[in-house]
Amino acid sequence: MENSRVVLITGASSGIGLSIGQHLSSLQYQVVGTSRNPDKYPNHPFPLIAMDVLDNTSVKEGIVAVIAAYARIDVLVNNAGMGMAGPLEEMDLKAVDSLMNTNLNGPIRVIQHALAIMHKQQSGTIINMASLAGDNGLPFRSIYAASKAALIRVSESLRLELRHTPIQCTVLSPGSIKTAISENRYYAPLAENSTYYKQYKASLAEMDTHVNKGLPPICVAKRVEKLINNKKLKPHYSVGPFLEVLSPIIKFLLPQRAYENLIASFYNLN
Ligand SMILES: NC(=O)c1ccc[n+]([C@@H]2O[C@H](COP(=O)([O-])OP(=O)(O)OC[C@H]3O[C@@H](n4cnc5c(N)ncnc54)[C@H](OP(=O)(O)O)[C@@H]3O)[C@@H](O)[C@H]2O)c1
């Protein structure tokens, strides 16, 4: 039966991952989510196992636990991730490493362990949750944008490496989605005498407004449902507010400086 497929969603305690899990559970998929602290969510609407994507042993144990309980992984939604904001010049490099480790190395760790299972099954679908931020340089979100751009490149490469197998891989890039991502974001500490103080504050306020006015996470969940029922996935999909989804096309069409000015005004710079 189609809907008995086992779907593993990393970072499913809140926001987009939670919504995907709720939606797919309501359609009778066997959903298992992950959280660094599953005990914090005793009444979660679907099973949550412990997994910290920063820790290879934790990822390995998480995958072993899924196989022990469900015997297979048909779909991996590599969703766990976090935001980061601050001027590049003042960014603490340990925080940079940690963000890249979470948003790039984290999904890679999960892919490596999940692929071993998918090869044995001779089937599987991997959806990597990137971001439209990965298509652009964005003010005060350089490292986040870089982490998602890197995840997009990794996914494109992996698709080519998996061409001779029945395993599918794609990227889903959301635009602004109304979740707690702003609360959970890492913020670089900013000195009041920083040369970036005014621009950063203005841009940050705009960033939060975009998230708060963003689409509800169910829109991403419904898109994931469509993707996992697509037998011939394309390399890249996006979901989000109309203008944001159009941004890669606008970027391609506009002269470079005109597009940069558009991004600057979108983030209240100037
Ligand atoms: N909201 C947006 O506008 C937006 C736009 C584009 C892309 N995205 C991407 O969508 C994904 C979900 O974001 P969201 O908006 O739903 O944010 P969120 O509500 O903050 O959810 C983030 C999830 O990631 C998990 N997580 C964080 N660090 C982790 C780690 N080291 N190991 C394992 N899990 C970890 C968290 O779980 P625990 O804290 O329970 O461990 C949580 O469930 C992220 O990859 C984000 O970059 C979001």
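When all alpha-carbon pairs of segment 2-266 are counted, what percent fall beyond 34 Å? Counting every Cα pair in segment 2-266, those more than 34 Å apart make up 17 percent. For segment 68-138, the Kirkwood estimate of the hydrodynamic radius, built from every pair of different alpha carbons, is 14.1 Å. Solvent-free Debye calculation, one equal scatterer per alpha-carbon of segment 50-192: log10 I(q)/I(0) at 0.09, 0.14 Å⁻¹ equals -0.30, -0.68.
As a quick test, which of the pairs Lys60/Lys213; Lys60/Lys226; Lys40/Lys198; Lys120/Lys213; Lys178/Lys231 have an alpha carbon distance above 32 angstrom in this structure?
Lys60/Lys213; Lys40/Lys198; Lys120/Lys213
What is the sum of charges, Lys and Arg at +1 and Asp and Glu at -1, for the other residues whose Cβ falls under 12 Å from the Cβ of Leu269?
Numbers: positive: Lys198, Lys201; negative: Glu206, Glu260.
Neighbourhood net charge equals 0.
Based on alpha-carbon centroids, what's the gap between segment 140-176 and segment 62-135 in Å, whole number please? The distance from the Cα centre of segment 140-176 to that of segment 62-135 comes to 10 Å.
3J(HN,Hα) couplings calculated from phi for segment 154-170 with the Karplus curve 6.51 cos²θ - 1.76 cosθ + 1.60 (θ = phi - 60°) are, in sequence order, 4, 5, 4, 5, 4, 3, 5, 5, 9, 3, 7, 10, x, 7, 9, 9, 8 Hz; Gly and Pro show x. Net charge within 14 Å of Leu151 by Cβ-Cβ distance, Lys/Arg positive one each and Asp/Glu negative one each, not counting Leu151 itself? It works out to a net charge of +2. In units of the compact-protein estimate 2.2 N^0.38 Å, segment 9-116 shows a Cα radius of gyration of 1.12.
Loop only by DSSP, 16 or fewer other Cβ within 10 Å of the Cβ. Give me the trypsin sites (Lys or Arg not before Pro) in segment 139-168 that pass, ordered by residue number.
On the way: sites: Arg141, Lys148, Arg153, Arg159, Arg163; in loops: Arg141, Arg163.
Answer by residue number: Arg163.
Rolling a 1.4 Å probe over the protein heavy atoms of the chain, with every protein chain left in place, gives an accessible area that is 55 percent carbon and sulfur. Between the Cα long axis of helix 256-266 and the first principal axis of the chain there is an angle of about 90°, rounded to the nearest 10. Note that segment 2-266 presents 49 Å² accessible area per residue, ligands and nucleic acids not counted, probe 1.4 Å.
Note on the chain: GNM, Cα springs under 10 Å; of Ala69, Ala95, Ala145, the largest mean-square fluctuation is that of Ala69.
The values are calculated or read from the model by the stated rules, or taken from the named source; none is laboratory data. Source: prediction; values computed, not measured. FYI the Cβ positions are ideal-geometry reconstructions off the backbone, even for glycines, and counts take in every protein chain you see. Surface areas here come from the heavy atoms of the whole protein model, side chains and all, with no ligands, DNA or RNA. Shrake-Rupley method; radii C 1.70, N 1.55, O 1.52, S 1.80 Å.
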